[in-house]
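**Student:** Dropping the structure in here first, questions after.
The values are calculated or read from the model by the stated rules, or taken from the named source; none is laboratory data. For clarity, every value in this text was computed on a predicted model and none was experimentally measured. Every residue, glycine as well, gets a Cβ built from its backbone with ideal geometry; the counts of neighbours run over all protein chains shown. The protein model used for the area step is the full one, side chains on, heavy atoms only, and it has no ligands, DNA or RNA in it. Shrake-Rupley method; radii C 1.70, N 1.55, O 1.52, S 1.80 Å.
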Amino acid sequence: PHLKPEDVRTWERFIDGDPHYYDSVDYDMGLSRVEAARAKAQELGIKGDERLYQYKVDAIGYKPGCIDIIEIKGKATPQAIGQVLSYKLLYDREKTPSAPTRAVIIATEAANEMPMLCKEQGVTLILT
């Protein structure tokens, strides 16, 4: 629900290109401890909407032996590396994964040096 239209097109192109890449996918998963999100909501006088104050990972892709933490971008920039690595750390801490996790950026295009930057940071870059 929070994806920009260009990011939706990137994801749809990826899925259309290989509809069986993942066995299943979760979308817009809230990450960060609920207590921290609840404290922020209470600070603002809001009750019951803690999820609004969590970080949201675009997608979690599941396949045998691997869970991908996915950031979807029309154009991948270095900021996406920080996002996806942060989401992976939060997911690993909060969800107790049943398989190894990978940080993945799926994009239509990438800024200069992104393949090298991703490789150096252990992030998988997939261009559609």
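**Student:** Which of the residues belonging to the stretch 75-121 are in contact with a strand residue (DSSP E or B) (Cβ under 8 Å, 6 or more places away or on another chain), among the small types (Gly, Ala, Ser) and closer than 17 Å to residue 58 by Cβ?
**Tutor:** Residues satisfying the conditions are 76, 80, 86, 103, 107, 110.
**Student:** Scanning the stretch 1-25 for residues that are more than 18 Å from residue 56 (Cα to Cα) and free of Cβ contacts under 8 Å to residues at least 12 places away in the same chain, which turns out surrounded by the most Cβ atoms within 10 Å (Cβ to Cβ)?
**Tutor:** 15
**Student:** Same structure, new question: Is it fair to say residue 35 is modelled with pLDDT of 90 or more, open to solvent by 50 Å² or more (accessible area, probe 1.4 Å) and assigned to a helix (DSSP H, G or I)?
**Tutor:** Details: modelled with pLDDT of 90 or more: no; open to solvent by 50 Å² or more (accessible area, probe 1.4 Å): yes; assigned to a helix (DSSP H, G or I): yes.
Criteria not met by residue 35.
**Student:** Right, here's the next one. Check off (1) under 18 Å from residue 31 (Cα atoms); (2) free of Cβ contacts under 8 Å to residues at least 40 places away in the same chain for residue 114 and give me the number that stays unchecked.
**Tutor:** It is condition (1) that residue 114 fails.
**Student:** Criterion first (of a type in the set (Asp, Glu) and touching a residue at least 12 places away in the same chain (Cβ under 8 Å)) does residue 94 satisfy it?
**Tutor:** Working: of a type in the set (Asp, Glu): yes; touching a residue at least 12 places away in the same chain (Cβ under 8 Å): yes.
Judged against the criteria, residue 94 is a match.
**Student:** So how many residues does the stretch 53-85 have that are in contact with a helix residue (DSSP H, G or I) (Cβ under 7 Å, 6 or more places away or on another chain), open to solvent by 60 Å² or more (accessible area, probe 1.4 Å) and in contact (Cβ under 8 Å) with a residue 24 or more places away in the chain?
**Tutor:** Total satisfying the criteria: 2.
Okay, residues lined up against (1) hydroxyl-bearing (Ser, Thr, Tyr); (2) at pLDDT below 75; (3) closer than 27 Å to residue 113 by Cβ:
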site	(1), (2), (3)
41	no, yes, no
49	no, yes, no
62	yes, no, no
75	no, no, yes
87	yes, no, yes
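**Student:** How many residues, within the stretch 86-119, are of a type in the set (A, V, I, L, M, F, W, C), buried (at least 16 other Cβ atoms within 10 Å of the Cβ) and part of a helix (DSSP H, G or I)? Spell out how you get there, then give the answer.
**Tutor:** First, the residues of the stretch 86-119 that are of a type in the set (A, V, I, L, M, F, W, C): 89-90, 99, 103-107, 110-111, 114, 116-118.
Then keep just the ones that are buried (at least 16 other Cβ atoms within 10 Å of the Cβ); that gives 90, 103-107, 110, 114, 117-118.
Adding the requirement that they be part of a helix (DSSP H, G or I) leaves 90, 114, 117-118.
Count: 4.
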